[in-house]
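Participant: Shown below is the structure under consideration.
Derivation of every value follows stated rules applied to the coordinates shown; laboratory data play no part. It should be emphasised that the depicted structure is a prediction, and the values quoted were computed from it without experimental measurement. Backbone-built Cβ (ideal geometry, glycine too); neighbour counts: all protein chains shown.
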Amino acid sequence: MGDPDRLDVQDIPPEIAQRRQLITGSGSAPGLGAVSLNELEKQAIEETLTKTKGNREKAAKILGIGERTLYRKIKEYNL
């Protein structure tokens, strides 16, 4: 059994691992050509706003963040 405070590749849900492979182009070289966490966050916000047709209240709920946080992120990422 491993360290309970450490995550290994096996701990990552398959749907997240698959998304990382799509973004980086391969699963064999982590970190090479990877998108930053900020870019992933921006993409998630953009996609969610598109799905909710710009409804920020619904988008915030889907993203699991407060509306004020979403507004701040929209401004930060110039969305």
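Participant: If I model a spin label as a point 7 Å beyond the Cα along the Cα-Cβ vector, how far apart are those points for LYS58 and GLU41 in nm?
Facilitator: In this crude spin-label approximation the distance works out to 2.5 nm.
Participant: In the neighborhood of GLU76, defined by Cβ-to-Cβ distances under 10 Å, what is the net charge if each Lys or Arg adds +1 and each Asp or Glu adds -1?
Facilitator: Details: positive: LYS42, ARG72, LYS73, LYS75; negative: GLU41.
So the surrounding residues net to +3.
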